[in-house]
Amino acid sequence: MKARSYMIAIPKNEQDIKDIAGMFKRLSETRGIELLSHKFEETLELELEVDGSKYDVQAAPLELEIPEMYRIQHFFPDVDIEAVENARIGLELNMEFGEDALKSYHAQLKMIHALMPEAVAVIDDSSEKILSGRWVKLAAESSVPPAPRYIYTVQAVSGEEDCVWLHSHGLNRCGLPELEILNSTKETYQSHYNVIETLANRMLEMEEPLEPKEPLFLARMTEEIPMVVTLVEWQEAVEYYPEDMLGGKADREESHNENTCAIFVYAAYEDVEKQNYTPVCIFDEYMEGNPLYMISTEETERMKKLARERLDYMLRAFTDKENKIIVKIGLEVDEEFKDEQNQWEHIWFELLEPMEGRLKCRLTQEPYYVKDMHEGSEGIYPFEQITDWLIFTKERRISADDVYLLDLE
C-alpha cells in the first residue's frame, strides 16, 4: 500500500497562502496542468491532470516546525536561510502517487510551484529533506524529471561505536519498501550508500516489485565478480545481529518497523537457489576500487535529456578558466561484449575544448568494454553522445540537476 506524498511550501510572503484566487489562476495558466474540479472546506480539495495523469490533491496551510533530522538537500543563500528560519506557516500539499513514481514526483513539484511560485524552500516531508525553492522552480519548469534520488533520502545514523545504520525515507509513497543496510561502518557507509541508491533507482523503474529473496544483478565489482543483491524483511534481518545494535531489534519498537527491508547479497550463483544470503560488507574491499553499477537504459536516457536541455549552462561555465568540467560520453562497446543489455559504456572525460556541436575531451579512466581506449586518450565527440556532465568550481560541484547554483556564483 502506498503512503501519501507530503510536501510543504515555505512562502516568501505569508500572505500568498491566503490568496486562493491567485492559486486557482496560476494553476489554470500553468502549461501541462489542468484543474478538473475543486472544493474548499477545511482543506482545498483538487482534482488535477498533470501531463496526462490525474491526481486527487489536498492543500492546506499549517504551522511550521522543521525536525532537526531533516536533511538540507541544497545550498541556500543566507537570505533564504533566514526566511526559512523565520517562517511560521507553510502550504502543505499531499497526494497519492500514480504508477510512475518519478512522473508523479515531478507532477507534485509542478503543482506546488504553480500554487506557490515564490517559495523560498519546499519541505519534502515524505523523504525528510528540505529543497531549495530555486531548485524547485528549475525542476518544475523542466520537461525532464529530476533525478530519482530526490524521491528518497538515505540517512546514516551513527553512535558511539563504529556501527552505522543506513536507512531510506520516501520509498513507501511509491509502494516500495524502505531500504536499509545494517552494521555498516564509518569507513564504509559511503560505499554502502551507493548500493542503496542504485538499488532504489532500479526498483523505482521495475514493472513488478522486487520480492524478498529475489536476486538482482546490481553491479560489477571487477570484470569477474558481480554483485547480486536481494531484500530481506527487517524482522528477519535483525535476527542476524545483536538485539541492542544500532538498527537492531531494540530500535524497532517505535519506528522503522513497518514496510522496510535490509539489503543482503548472494555471494555465489548456487547461493541464490539455497537463499543463502550474506551481508553487503563481503564486497567492501572491491568497493574501494572502481565498481561498475548497473544504471538502467531509462535512467541513462533521462540523464542524457537533462544534460542536453541544460548544456548551455555547462558551456557558459567553461568560459571561466578556474572551473574544471568533466563530461560523461557514451562509447559503443566492442563487438565481443555486445548483447541486448550492453551496447554502450558511459564513461567520464575531462572537457578540453568545446567546438561547434562537438567536444574535445580526454578520458579519465579505463573502460571495461572498449579495449583500444585507455586513460588519457583524447578524442572529439558530438553532443549527441553526452550522457551527463559535472562542473567543479572553486566553491562546489554543480551537476545538470542543480545548475541554479551557477546563478548564485
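The values are calculated or read from the model by the stated rules, or taken from the named source; none is laboratory data. These numbers come from a predicted model, not from an experiment. So basically every Cβ, Gly included, is an ideal-geometry build from the backbone, and we count neighbours across all protein chains shown. Just so you know, the surface numbers come from the protein's heavy atoms only, side chains and all, with ligands and any DNA or RNA stripped out. Shrake-Rupley method; radii C 1.70, N 1.55, O 1.52, S 1.80 Å.
Would you be so kind as to identify all helices of the chain, as entire DSSP H runs, whose Cα atoms reach 27 Å or more along the helix's own axis and whose mean Kyte-Doolittle hydropathy is at least -0.5?
Span-like helices in the chain: none at all.
Taking every pair of alpha-carbon atoms in the chain, what share in percent sits in each 20 Å bin, from 0 to the bin with the longest distance?
For the chain, the binned pair fractions read 24, 55, 21, 0 percent.
Add +1 for every Lys or Arg and -1 for every Asp or Glu among the other residues with Cβ under 14 Å from the Cβ of residue 258, and state the total.
After counting each charged neighbour, the total is -3.
³J(HN,Hα) across region 384-396 via Karplus (A = 6.51, B = -1.76, C = 1.60, θ = phi - 60°), whole Hz, x for Gly/Pro?
4, 8, 6, 9, 6, 7, 9, 10, 10, 9, 5, 8, 6
When the Cα centres of region 210-240 and region 26-84 are compared, how far apart do they sit, in Å?
If we compute the Cα centre of each part, the gap is 36 Å.
Calculate, for residue 240 and residue 25, the FRET efficiency according to 1/(1 + (r/R0)^6) with r their C-beta to C-beta distance and R0 51 Å; round to the nearest 0.05.
Working from the Cβ atoms, E equals 0.35.
If R₀ is 56 angstrom, what is the calculated FRET efficiency for the pair residue 258 and residue 365, using the beta carbon separation as r and rounding to 0.05?
Using R0 = 56 Å, I get an efficiency of 0.85.
By accessible area of protein heavy atoms, probe 1.4 Å, what ranking do 240, 381 get, highest first?
Largest accessible area first, the residues go 240, 381.
Stick to Cα atoms and the Kirkwood definition of Rh, then tell me Rg/Rh for region 362-409.
1.08
Can you list residues from other chains, or at least 5 along the same chain, whose modelled amide H is less than 5 Å from the amide H of residue 98?
It is 104, by chain and number.
So what is the accessible area of region 181-234 per residue, in Å², with the probe set to 1.4 Å?
Value returned for region 181-234: 46 Å² of accessible area per residue.
What accessible area, in Å² to the nearest ten, does a 1.4 Å probe give for residue 405?
For residue 405, the solvent-accessible surface is approximately 10 Å².
For residue 82 and residue 322, calculate 0.36 nm times their separation in residues minus their Cα-Cα distance, and state this gained length in nm to one decimal.
Here the segment from residue 82 to residue 322 would lengthen by 83.4 nm.
Pull out the extension gain between residue 286 and residue 213, defined as 0.36 nm times the separation in residues minus the alpha carbon to alpha carbon distance; nm, one decimal.
Using 0.36 nm per residue and subtracting the Cα-Cα distance, I get 24.0 nm.
Is there a pair in 304/338; 324/360; 103/305; 103/186; 12/129; 186/213 whose C-alpha atoms are over 24 Å apart, and which pairs would that be?
Those over the limit are 103/186; 186/213.
Within a Cβ distance under 13 Å of residue 181, other residues only, what is the Lys/Arg minus Asp/Glu net charge?
Taking every other residue near residue 181 into account, the sum is -4.
Hey, what number do you get for the chain at 222 nm if only DSSP H runs of n ≥ 4 count, each worth -39500 (n - 2.57), divided across all residues, to the nearest 500?
-6500 deg cm²/dmol
In the P(r) worked out for region 46-156, what percent of Cα pairs fall beyond 22 Å?
Of all Cα-Cα pairs in region 46-156, 29 percent lie more than 22 Å apart.
For residue 167, what accessible surface area do you get with a 1.4 Å probe? Give it in Å², rounded to 10.
Counting only protein heavy atoms, the figure is 10 Å².
So between residue 185 and residue 380, what do we pick up on full extension, going 0.36 nm a residue minus the alpha carbon distance?
Computed gain between residue 185 and residue 380 is 66.0 nm.
How high is the FRET efficiency between residue 89 and residue 34 when r is their beta carbon distance and R₀ equals 22 Å, given to the nearest 0.05?
0.20
Could you tell me the accessible area of residue 336 in Å² (1.4 Å probe, neighbours in place), rounded to the nearest ten?
Roll a 1.4 Å probe over it and residue 336 shows about 140 Å².
How many percent of the accessible area of the chain is carbon or sulfur, using a 1.4 Å probe?
Here it works out to 45 percent.
What translational D, rounded to a whole number of µm²/s, comes out for region 5-93 from Stokes-Einstein when the hydrodynamic radius is the Kirkwood one over Cα pairs, at 10 °C and 1.306 mPa s?
The estimated diffusion coefficient comes to 108 µm²/s.
Sort 50, 228 from largest to smallest accessible area, using a 1.4 Å probe on the heavy atoms of the protein chains.
228, 50
Using the Cα centre as the reference, give the magnitude of the dipole from point charges on the C-beta atoms of the chain (Lys, Arg: +1; Asp, Glu: -1; all else neutral), rounded to the nearest 20 debye.
The calculation lands at about 1480 debye.
For region 87-219, what class follows from the C-alpha gyration tensor (a ≥ b ≥ c being the square roots of its eigenvalues): rounded when a/c is under 1.5, otherwise prolate if a/b is larger than b/c, else oblate?
It comes out oblate by the Cα gyration axes.
With +1 on each Lys and Arg Cβ and -1 on each Asp and Glu Cβ, and nothing else charged, work out how big the dipole of region 295-394 is about its Cα centre, in Debye to the nearest 20.
660 debye
Kindly report the accessible area of region 63-127 per residue (heavy atoms of protein chains, probe 1.4 Å, no ligands, DNA or RNA), in Å².
Per residue, region 63-127 has an accessible area of 47 Å².
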